[in-house]
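J.: After the structure tokens below, expect a handful of questions from me.
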Amino acid sequence: MKTDIFNLAGNWYRGNLHLHTTFSDGTLTPEEICSVYRQAGYHFVALADHWSLTEVRLDYPDFITIPAVEYNSGVYHIVALGVKTLLPSPPPDVQEIIDAINQQQGVAVLAHPYWSGITSADLLNLKNFQHLEIYNNVCQITKGKGYSTVHWDELLQNGRRLSGVAADDAHHRPTATMEDDLAGSYVMVKATALEPELILEAIRNGHYYSSTGVSIHEISLKDNILTVQTSPVREIRFLGYNAQGLRVSGCGKEIERAEYKISGHERYLRVEAVDAQHRFAWTNPFYLEDFFRPSG
């Protein structure tokens with residue numbers, strides 16, 4: 001991601017990239033879940049049923065669906081966005097799944113590694129995927145294993161360029177002791193229009209941030225100072241290579257702005273913000289080599 005994402009032409013669109021319906025193991029029909037998310041203020045969803053390209057007919061000018069399917073191979077689950085045809089079953093090797101998605105000009109998102117018991121070392125053996133689920137709402141609600149940001153940082157630490165996706169993976173099975181998993185997270189995508197191909201292209205380029213409720217209003221870089229403006233939060237974190245970075249706290253008060261002076265040793269920087277309700281927002285990383293190139 002480049003820090004000029006907030007100055008790109010277009011609009012912000014809220015979406016969810018991993019939902020299930022009655023076409024696999026969800027309890028809502030495609031029409032029902034689309035209605036829920038539209039009413040919750042989302043502009044698009046991906047109905048990523050297991051081994052099913054779920055289709056739905058909608059007549060909303062302000063809401064679309066992205067073609068999607070969730071594949072699995074052993075412990076690995078891959079959400080394929082923007083694909084047109086299904087892979088053969090039984091499932092091939094996970095690397096073959098990723099490669100096949102890329103061959104269809106789709107977007108491969110590696111889903112819920114913490115919940116799946118996948119380590120960062122395991123993920124380093126895979127290649128050609130650029131998106132990782134860093135938050136999965138149903139995994140957090142059912143198992144307390146929804147956050148995979150440590151995996152993300154360890155992959156970034158090893159030189160991988162990965163964007164981070166927050167998704168619901170919704171199945172809609174609330175109980176007396178467990179919250180519903182609907183509309184708990186989202187991606188905010190900057191695109192020139194609400195059209196599937198334009199949304200997909202923006203996602204490919206990392207032109208989005210992820211959230212469970214915090215808004216990022218602006219990110220700017222000037223004179224080696226990275227400035228972030230958000231909705232009211234209790235802290236803003238700048239995370240980079242090794243021990244590089246900074247946590248800016250309101251020390252009991254809410255803040256809406258933070259600055260970080262770049263030293264040149266960070267290699268990459270990503271930002272996350274946390275509010276008083278423990279809701280998050282995560283930017284995608286930007287990489288210093290894209291901004292600070294040796295002269296001569």
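J.: Convex hull over the Cα atoms of the range 195-293, averaged projected area in nm²?
T.: The orientation-averaged projected area of the Cα hull of the range 195-293 comes to 7.2 nm².
J.: Something else about it: Using a simple charge model, +1 on the beta-carbon of Lys and Arg, -1 on the beta-carbon of Asp and Glu, nothing else, what dipole does the chain show about its Cα centre, in debye to the nearest 20?
T.: With Lys and Arg at +1 and Asp and Glu at -1, about 840 debye.
J.: Still on this structure, I have one more. Quote to one decimal, in nm, the extra length available between Glu259 and Gln105 on full extension: 0.36 nm per residue of separation minus the C-alpha distance between them.
T.: 51.7 nm
J.: Could you let me know the centre-to-centre spacing of the range 110-166 and the range 28-64, using Cα atoms, in angstrom?
T.: Here the two parts' Cα centres lie 25 Å apart.
J.: Moving to a separate point now. Hey, of (i) 1.55; (ii) 1.17; (iii) 0.97, which did the structure itself give for Cα Rg over 2.2 N^0.38 Å when calculated?
T.: It is the value labelled (iii).
J.: State the Kirkwood hydrodynamic radius of the range 103-192 in Å, one decimal place, computed from all pairs of distinct Cα atoms.
T.: The Cα-based Kirkwood calculation yields 14.0 Å.
J.: Once fully extended, how much extra length lies between Asn72 and Lys145, figured as 0.36 nm per residue of separation less the alpha-carbon to alpha-carbon distance?
T.: 24.4 nm
J.: Between Glu32 and Lys127, what is the FRET efficiency for a Förster distance of 45 Å, r being their Cβ-Cβ separation, to the nearest 0.05?
T.: 0.75
J.: Relative to the compact globular guide of 2.2 N^0.38 Å, what is the alpha carbon radius of gyration of the range 1-128, as a ratio?
T.: 1.14
J.: Now for a separate question. For the range 17-143, what does the accessible surface come to per residue with a 1.4 Å probe? Please give it in Å².
T.: That works out to 42 Å² for each residue.
J.: According to a simple spin-label model (label point 7 Å from Cα along Cα-to-Cβ), what is the distance in nm between Asp62 and His50?
T.: Taking the two extended label points, one gets 3.6 nm.
J.: Can you give the Rg and Dmax of the range 5-68 based on its C-alpha atoms, in angstrom?
T.: In order Rg, Dmax, the Cα atoms of the range 5-68 give 12.6, 40 Å.
J.: Hey, another quick one. Under 12 Å from the 7 Å Cα→Cβ point of His278, by amide nitrogen: which residues of the range 222-236?
T.: none
J.: So the label point goes 7 Å from the Cα of Ser24 along Cα→C-beta, right? Which residues of the range 144-164 then have their backbone N under 17 Å from it?
T.: Once the point is set 7 Å along Cα→Cβ of Ser24, nothing inside the range 144-164 turns out to lie under 17 Å by backbone N.
J.: Something else: Relative to 2.2 N^0.38 Å, what does the C-alpha radius of gyration of the range 159-233 come to as a ratio? Two decimals please.
T.: Against the compact-globule rule of thumb, the ratio is 1.40.
J.: If you take the C-alpha gyration tensor of the range 61-214, multiply each eigenvalue by 5 and take the square root, what semi-axes do you get, largest first, in whole Å?
T.: Rounded to whole Å, the semi-axes are 22, 21, 17.
The values are calculated or read from the model by the stated rules, or taken from the named source; none is laboratory data. Keep in mind that what you see is a predicted model, and the values were worked out from it rather than measured. All Cβ positions, even for glycine, are placed from backbone atoms using ideal geometry, and neighbour counts span all protein chains on display. Keep in mind that these areas ignore ligands, DNA and RNA; they rest on the heavy atoms of the full protein, side chains included. Shrake-Rupley method; radii C 1.70, N 1.55, O 1.52, S 1.80 Å.
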